[in-house]
Amino acid sequence: MEKEKETREPNEFIIEGRNPVIEAFRSGKAIDRVYIQDGCQDGPIQTIKREARKKGTPIKYVARERLGQISETGRHQGVIACAAAYEYAEVEDMLRLAEEKGEPPFLFLLDNIEDPHNLGAIIRTANLAGAHGVIIPKNRAVGLTAAVARASAGALNYTPVARVTNLAAAITELKKKGLWFVCAHMDGESMYSLNLKGPIGMVIGSEGEGVGRLVMEKCDMTASIPMKGNIDSLNASVAAGVLAYEILRQRLG
């Protein structure tokens with residue numbers, strides 16, 4: 001498992017201690033990730049690992065000092081779980097929502113988005129652009145933290161967000177259901193020359209790492225956003241907004 005690198009987002013929902021974390025898993029609570037102290041191997045810790053693996057929850061091994069920094073009670077017992085501020089939806093829920101509205105599916109798929117303010121802003125844009133949901137990966141991405149909820153300005157109450165183990169595999173499955181996929185990339189074809197109508201998934205990556213190679217290879221089109229300034233990239237949430245509104249313009253006909 002990867003070592004911890006990020007800093008904890010303030011006001012993130014945390015659960016401390018072995019029994020509380022076990023019970024959180026067994027109750028079905030949505031857990032974004034689990035921090036376990038390096039070297040802990042006893043029975044309750046093994047139980048937590050099994051529960052995390054069953055749910056596909058990322059495990060991060062950290063030093064005791066790091067757990068002390070995260071802890072709000074000082075009684076973490078070598079384990080802290082970070083719970084989602086909102087429940088996750090299923091991808092099928094999004095397709096059902098599109099069907100109920102009588103619209104071709106329009107989904108956002110986000111790769112490598114680790115900044116909670118970017119994710120919240122993108123969810124807000126997804127709602128305003130008429131998207132039926134947002135799909136994020138379980139690893140190397142921020143989950144539905146309290147900061148994401150705040151940045152979404154209430155959009156999380158209306159826009160379903162699903163978490164998948166493998167974004168490329170999710171694209172493959174959605175293609176079987178008739179969706180096409182466009183990936184935002186600076187070397188792509190101008191978004192104004194692409195046909196972005198119909199059932200579509202829009203794939204956005206982070207400013208630093210962009211969309212992963214395997215995910216990009218699954219996409220049917222790559223779209224570039226025309227830029228005339230002196231720098232060569234847009235903030236991820238801004239790029240998502242620009243491309244999403246070109247998709248919306250074409251959908252409105």
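Structure summary
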{"quantity": "Normalised contact order of the range 161-253, rounded percent, pairs of Cα under 8 Å and 6 or more residues apart", "calculated": "35 percent"}
{"quantity": "Helical segments meeting 15 Å axial Cα length and Kyte-Doolittle -0.5 threshold in the chain (DSSP H)", "calculated": "116-128, 236-252"}
{"quantity": "Positive minus negative residues near E189 (Lys, Arg vs Asp, Glu; Cβ under 13 Å)", "calculated": "-3"}
{"quantity": "Counting DSSP beta bridges with both ends in the chain, the antiparallel % (nearest 5)", "calculated": "25 percent"}
{"quantity": "Taking N as its residue count, the alpha carbon Rg of the chain over 2.2 N^0.38 Å", "calculated": "1.06"}
{"quantity": "For the chain, built as a Gaussian network whose Cα springs stay under 10 Å, the top-fluctuating residue of S237, S152, S71", "calculated": "S71"}
{"quantity": "Portion, in percent, of the accessible area of the chain that falls on carbon or sulfur, probe 1.4 Å", "calculated": "49 percent"}
{"quantity": "Cysteines, the chain, no other Cys beta-carbon under 4.7 Å", "calculated": "C40, C82"}
{"quantity": "Inter-part distance where the range 10-85 and the range 90-129 are each reduced to a Cα centre, Å", "calculated": "28 Å"}
{"quantity": "For the range 139-253, size of Cβ-based charge dipole, Lys and Arg +1, Asp and Glu -1, in debye", "calculated": "440 debye"}
{"quantity": "Cβ charges +1 (Lys, Arg) and -1 (Asp, Glu), total dipole of the chain, debye", "calculated": "500 debye"}
{"quantity": "Share antiparallel - DSSP beta bridges, the range 9-149, percent rounded to 5", "calculated": "55 percent"}
{"quantity": "Sparsely packed trypsin sites (Lys or Arg not before Pro) within the range 145-253, loop by DSSP, other Cβ within 10 Å at most 15", "calculated": "K177, K197, K228"}
{"quantity": "Percent RCO, i.e. relative contact order, over the range 105-240, from Cα pairs under 8 Å lying at least 6 residues apart", "calculated": "30 percent"}
{"quantity": "Antiparallel DSSP beta bridges within the range 109-253, as percent of all bridges there, nearest 5", "calculated": "5 percent"}
{"quantity": "The chain: relative contact order in percent, alpha carbon pairs under 8 Å with at least 6 residues between", "calculated": "19 percent"}
{"quantity": "Surface accessible to a 1.4 Å probe, per residue, for the residues of the range 117-210, Å²", "calculated": "41 Å²"}
{"quantity": "Mean shadow area of the range 90-160 over all directions, Cα convex hull, nm²", "calculated": "4.3 nm²"}
{"quantity": "Calculated diffusion of the range 157-240, Stokes-Einstein form, Kirkwood radius summed over Cα pairs, 25 °C and 0.890 mPa s, µm²/s", "calculated": "177 µm²/s"}
{"quantity": "Sparse-neighbour loop sites [trypsin sites (Lys or Arg not before Pro); the range 43-134; at most 11 other C-beta within 10 Å; DSSP]", "calculated": "R75"}
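The values are calculated or read from the model by the stated rules, or taken from the named source; none is laboratory data. If you're wondering where the values come from, they're calculated on a predicted model, not measured in any experiment. Don't worry about glycine lacking a Cβ; one is built from the backbone with ideal geometry, like all the others, and counts go over all protein chains shown. Heavy atoms of the whole protein, side chains included, go into the accessibility calculation; ligands, DNA and RNA do not. Shrake-Rupley method; radii C 1.70, N 1.55, O 1.52, S 1.80 Å.
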